[in-house]
Amino acid sequence: MENGKNESVKKYTMSFIALALAMVIPVLAFVTVTMMIKPQFSETFLGELSAKYDRLRSVDGEKVVLIGGSSLAFGIDSDAMEAVIGRPVVNFGLYATLGTKVMMDLSKSGLSRGDVVVICPEMDTQTLSLYYNSEAMWQACDSDMSLLLHIGKDNIGDMAGGFWGYAASKIRYANSGGLDVTGVYAKSSFDEYGDIVYERPYNQMTLGFDPNKYITLSGEIFDGDFIDYVNDYVAWAHRHGVDVYFSFPPMNEDAVLTTDEEEIHAFYHFLHDNLDCEVISEVGDYILDAGYFYDSNFHLNDAGVPIRSMQLCEDIMRAIGKTDAVEIVYPDIPEVPVVDDEQKPVTETDFTETAADAFIVEDFGEGVVISGIADAGKSLDTIVIPREIGGKRVLALGASAFADADAMKTLVIFDNVVQIYDGFLSGAAAIENVYIYNTDCNSVAIGAELLSGLGTPPTILVPYESYGSYVSDYFWGIYAGRLSVIDPPQ
């Protein structure tokens, strides 16, 4: 009887082991295959993280480390700052999609006694939270997996869950011949300091600012857990002889909603009461004319970079006890060139523009914005955005513009559209495909909630030759899983 019982236990154990192996072996094989594929993201914007990390760890002497998001990548001249401060400057800001937390976590292994850290994240609810994008982090580590050793232990589970999306993308790009990444959102846009040196001559936003990202200066945009995490980081830094300060990103004046002096005073009061590090900057010094920005409310163009760099120099110098004068020069605001639409080639497709009476439009400065669908368009299964309506160029698609397009399965957008508002498809339950005939993804301004208000997001089809730029773009990249190509070559 006992032997029979033991035999049953043995069979159960062996069955369990066999089942476990059947589940684990394919997973291990998949992971191994993924790791054996050559890096696919090393030349993308995210691929710059390893170079920034190497510089952080290799710079000798007491240094200044700037922690934040892309407003640092787009807004600092490290070489010029070093000359003024007299210390090495490490630009440790890259991408809001990674989150501020990961930059603080990674910075710890490169800090030494006597260093100075300035935390200056974008004034946005995502960057002022413990937001963490594991798939983006996998992509950033694609060419240097040693970075994984220095992520926060509390994000290990997130990384495990994010591996599958990263692996699927890596395999897909490898099978298609790899990503061809060009433009400002490529690793080649950075110099040896980790500053973007890609030419950015003027403000390329149609309105001069991004209406998807208004800026509010209030304690309400700070997550409580983020504040606690910053304060824990400050305590850790002090134990290791590192000073930590808080400053601000450059902010587009036209996008800032908070202008009342009492509200600004309340904002400062909140920061001083809740942060365990000194706020070394005046927020007004970082609110700049829209003409100094490039493609977002936090990204500076070439003329804006020296303003922010020297302003931050002055604040840091004062914080560390140096009294040398810092000259802050405001360059002339760059003029935006006039686009001659008549010289722009017309996109050739098999689609016919939908009649103007299908749309509700509103004036949009030099053109019009489609704000809704009229009765004539509600039953159409394919809607093709016209290049012009009433003699004016169609420049933008408004929020919930297609809420009444109940039958629409396909939406076609040509390169005349330069602004698409968050939630523009909200309520369009039948939508399956969105064609975007624009080879320059940087010329179409979008936000992080582009596909909000939909149960099943559509496939976004873009020109084959620009696919790599779209999937690696700062803005479009967050929709990489929804992107496909228009008429790939056979």
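When only residues in region 208-235 that are of a type in the set (F, W, Y) and out of contact with any helix residue (DSSP H, G or I) (no Cβ under 7 Å at 6 or more places or on another chain) count, which is farthest from I67 (Cα to Cα)?
Step one: filter region 208-235 for residues of a type in the set (F, W, Y), giving 209, 214, 222, 226, 229, 233.
With out of contact with any helix residue (DSSP H, G or I) (no Cβ under 7 Å at 6 or more places or on another chain) added as a condition, the list becomes 222, 226.
Numbers: F222: 17, F226: 14 Å.
Looking at residues that are of a type in the set (F, W, Y) and out of contact with any helix residue (DSSP H, G or I) (no Cβ under 7 Å at 6 or more places or on another chain), I get F222.
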Hey, does region 185-193 have a residue that's touching a residue at least 24 places away in the same chain (Cβ under 8 Å) and at positive phi? no
Can you tell me which residues in region 256-307 are touching a residue at least 60 places away in the same chain (Cβ under 8 Å) and of a type in the set (F, W, Y)? Y292, F293, Y294, F298
Here the residues within region 215-228 that are touching a Leu at 6+ places or on another chain (Cβ under 6 Å) and part of a helix (DSSP H, G or I) are I221, D225, F226
Output the number of residues of region 33-73 satisfying the condition of being under 16 Å from L147 (Cα atoms), hydrophobic (A, V, I, L, M, F, W, C) and assigned to a helix (DSSP H, G or I). 5
Residues within region 418-439 that are of a type in the set (D, E) and free of Cβ contacts under 8 Å to residues at least 40 places away in the same chain, tallied: 1
Could you please find all residues in region 230-269 being within 20 Å of T100 (Cα to Cα) and of a type in the set (S, T, N, Q)? N231, S247
What number of residues in region 455-490 are under 29 Å from D406 (Cα atoms), at pLDDT below 90 and among the charged types (D, E, K, R)? 1
Look through K187, K153 and report the one residue that is modelled with pLDDT of 85 or more, assigned by TED's automatic domain parsing to the domain that holds T100, basic (K, R) and loosely packed, with under 14 Cβ neighbours inside 10 Å. K153
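Working carefully through the options D79, D105, find the one that is loosely packed, with under 15 Cβ neighbours inside 10 Å, at pLDDT 95 or above and either assigned to a helix (DSSP H, G or I) or under 15 Å from the mean Cα position of the chain (by Cα) (or both).
Numbers: D105 fails: loosely packed, with under 15 Cβ neighbours inside 10 Å.
Going through D79, D105 in turn, just one is loosely packed, with under 15 Cβ neighbours inside 10 Å, at pLDDT 95 or above and either assigned to a helix (DSSP H, G or I) or under 15 Å from the mean Cα position of the chain (by Cα) (or both): D79.
Would you tally the residues in region 226-249 being touching a Ser or Thr at 6+ places or on another chain (Cβ under 6 Å) and not hydroxyl-bearing (S, T, Y)?
Of all residues in region 226-249, those touching a Ser or Thr at 6+ places or on another chain (Cβ under 6 Å) come to 226, 247-249.
The next check asks that each one be not hydroxyl-bearing (S, T, Y); those that pass are 226, 248-249.
Total satisfying the criteria: 3.
Do we have L147 as part of a helix (DSSP H, G or I) and crowded, with 18+ Cβ neighbours inside 10 Å here? Give the steps one after another, and end with the answer.
Numbers: part of a helix (DSSP H, G or I): yes; crowded, with 18+ Cβ neighbours inside 10 Å: yes.
So L147 fits the description; yes.
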Any chance I37 is at pLDDT below 95 and among the aliphatic types (A, V, I, L, M): yes
In region 418-454, which residue that is modelled with pLDDT of 90 or more and among the acidic types (D, E) is surrounded by the most Cβ atoms within 10 Å (Cβ to Cβ)? D422
Qualifying residue in region 396-407 (condition: of a type outside the set (G, A, S) and more than 31 Å from the chain's Cα centre (by Cα)): yes
N442 being outside any loop (DSSP other than H, G, I, E, B) and at negative phi: yes
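The values are calculated or read from the model by the stated rules, or taken from the named source; none is laboratory data. Everything numeric in this text was worked out from a predicted model, so none of it was measured. Reconstructed Cβ throughout: ideal geometry from the backbone, glycine too, with neighbour counts over all protein chains shown.
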